[in-house]
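The values are calculated or read from the model by the stated rules, or taken from the named source; none is laboratory data. Remember, predicted model here, so these are calculated numbers, not experimental data. Here Cβ is always computed from backbone atoms with ideal geometry, including for glycine, and neighbour counts include all displayed protein chains.
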Amino acid sequence: MSVTAAILGCSGPVLTPQERTFFARVKPWGFILFKRNVETPDQVRSLTAALRDSVGRPDAPVLIDQEGGRVQRLGPPHWGRFPPGRVFGELKGNDPLLRREIARLGARLMAHDLAMLGINVDCVPVLDVPDPAGHEIIGDRAYGQTPQEVALLGRAAAEGLIAGGVLPVIKHIPGHGRATADSHLDLPVVEAGLEDLEARDFAPFRVLSDMPMAMTAHVIYAAIDRKRPATTSKKVMRRVVRGTIGFDGLVMSDDLSMKALSGDFTDRARASRAAGCDVVLHCNGSMDEMKAVVKGAGDLKGRAAVRAKAALAEGRLRFDAAFDGAFAG
C-alpha cells in the first residue's frame, strides 16, 4: 500500500465526505489538528479514529501543537492551561534540578491529555535559542536564554511526552531564534557566521539528535545557503541537519502554507522533498492546496520510509521502557 509523504489537516471537527474520500485515495502518512478541529473530548476521539480509519492504518500519526502559552490547541473548559516554556526556565528553587523535573512533569501531563484523545505526536519541544534582536515569534516559547538551558529543559519535555506515550518533535531545526521576521508572514534571513550558529543555534539540536522526529525552520542561513531556507536547502539539510547536528530521525517540513516559502504548493512540496525532508506538512485543510501538496510530495519510500517506520517504533519502545521503569523495584 503506497503512502503519501505528507501530513495533512482537515477543515473542521468532523471529516467531510470529500475529505474522507480524498484521504482514502492519497493515504497521507499522518494528520495534524488545530483549534478548528477541537470541541469536546468525545468529538476529538471520534475525529482521530475517523482519520486513521480513512487511511486504514491504526498507527497513523496524529499531530498537534500543544506547547503551552500562546501555542496551545487544547484548552478550557475541557483541558487545562499550560505555561509557555519560559516559565520553566525562570523557576526559582534550591534544587538545581527543580526546573528540569517540573518541565518533565508538565509535558507528562500534556501527554496524558493527548493520549486520551488518540493524539500520538506533539510538536514539542521548541529548541530555538532566542536572540535579543530576534522576532518575538519565538519569545516566551523558548525554555531559556542559553543553549544549555534550552537543551536541558527541552530534553526534559521530550522525556515527559515519551513517558506518556506521545512522540516529541524537536523544532525548528536548525534554529529559529535569530530570525528577525515571523516565517508565517515573511522569509527570515540570518546573517550570523557559521561558528556562531554552531555554538548557539545548532547546539540544542545536537544534544537532542537522538529524538525520533524534527521540524524544519523556514529560515535562510546565509553562511550556508543564501538562496534557500532550510526547508528547501540541500546544503542545510545535508551539511547541518544530517551532518553537524547528526540528526538521523524523520524530518518534516514546517507548514508549507507559511508565506516564507515561494512557488505554488506542488513546487513547495517537491522542493522540500528534494532537499531532504522525509515528509511535508500542510496544515490549513484547504482541499485545493492539499491536492497540490500531494502531487509534489510523492510516495513515502526508500530511506524516508525507513525513518518514518523507525520513528513510530522508537516511540513505542521508549514508552514501554518508561512504563516498565515506573514500576520497577
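A few points about this structure:
- Odd one out for G160, checked against (1) part of a loop (DSSP other than H, G, I, E, B); (2) crowded, with 24+ Cβ neighbours inside 10 Å; (3) on the phi < 0 side of the Ramachandran plot; (4) at pLDDT 95 or above: (1)
- Per the conditions (1) touching a residue at least 60 places away in the same chain (Cβ under 8 Å); (2) farther than 24 Å from D254 by Cα; (3) among the charged types (D, E, K, R), the sole criterion not satisfied by D42 is (1).
- Against the test of being in a loop (DSSP other than H, G, I, E, B), at pLDDT 95 or above, closer than 28 Å to W29 by Cα and aliphatic (A, V, I, L, M), the options L109, L117 yield a single qualifying residue, L117.
- Among (1) surrounded by fewer than 17 Cβ atoms within 10 Å (Cβ to Cβ); (2) under 19 Å from the mean Cα position of the chain (by Cα); (3) among the hydrophobic types (A, V, I, L, M, F, W, C), the one test that M287 misses: (2)
- Scanning the range 1-29 for residues that are free of Cβ contacts under 8 Å to residues at least 60 places away in the same chain, part of a loop (DSSP other than H, G, I, E, B) and aliphatic (A, V, I, L, M) yields M1, V14, L15.
- Of the candidates E198, E191, E159, E149, the single residue that is within 18 Å of G106 (Cβ to Cβ), over 19 Å from the mean Cα position of the chain (by Cα) and not aromatic (F, W, Y) is E149.
- Considering residues of the range 1-34 that are charged (D, E, K, R) and more than 22 Å from the chain's Cα centre (by Cα) only, the residue surrounded by the fewest Cβ atoms within 10 Å (Cβ to Cβ): R25
- Counting only residues that are over 18 Å from S286 (Cα atoms) and touching a strand residue (DSSP E or B) at 6+ places or on another chain (Cβ under 9 Å), the range 7-56 holds 4 of them.
- Subset of the range 163-189 [buried (at least 21 other Cβ atoms within 10 Å of the Cβ) and more than 18 Å from D113 (Cα to Cα)]: I170, K171, H172, I173, P174, G175, H176, G177, R178, A179, S183, P188
- Long-range neighbours under 6 Å by Cβ, at least six apart or interchain, first residue basic (K, R) and buried (at least 17 other Cβ atoms within 10 Å of the Cβ) within the range 83-101, second assigned to a loop (DSSP other than H, G, I, E, B) and at pLDDT 90 or above: R99/L91
- Checked against (1) within 27 Å of A156 (Cα to Cα); (2) out of contact with any strand residue (DSSP E or B) (no Cβ under 7 Å at 6 or more places or on another chain), K234 passes all but condition (1).
- Residue tally, condition in a helix (DSSP H, G or I) and surrounded by 24 or more Cβ atoms within 10 Å (Cβ to Cβ), over the range 207-254: 7
- Whenever a residue of the range 221-238 is under 19 Å from L256 (Cα atoms) and in contact (Cβ under 8 Å) with a residue 40 or more places away in the chain, its partners that are aromatic (F, W, Y) and crowded, with 17+ Cβ neighbours inside 10 Å, lying with C-beta atoms within less than 7 angstrom and at least six residues away or across chains, give the pairs A230/Y221; V236/Y221.
- Of residues in the range 120-134 being assigned to a loop (DSSP other than H, G, I, E, B) and touching a helix residue (DSSP H, G or I) at 6+ places or on another chain (Cβ under 9 Å), the one surrounded by the fewest Cβ atoms within 10 Å (Cβ to Cβ): D131
- Selection status of D59, touching a helix residue (DSSP H, G or I) at 6+ places or on another chain (Cβ under 8 Å), of a type in the set (D, E, K, R), more than 22 Å from S257 (Cα to Cα) and surrounded by fewer than 20 Cβ atoms within 10 Å (Cβ to Cβ): yes
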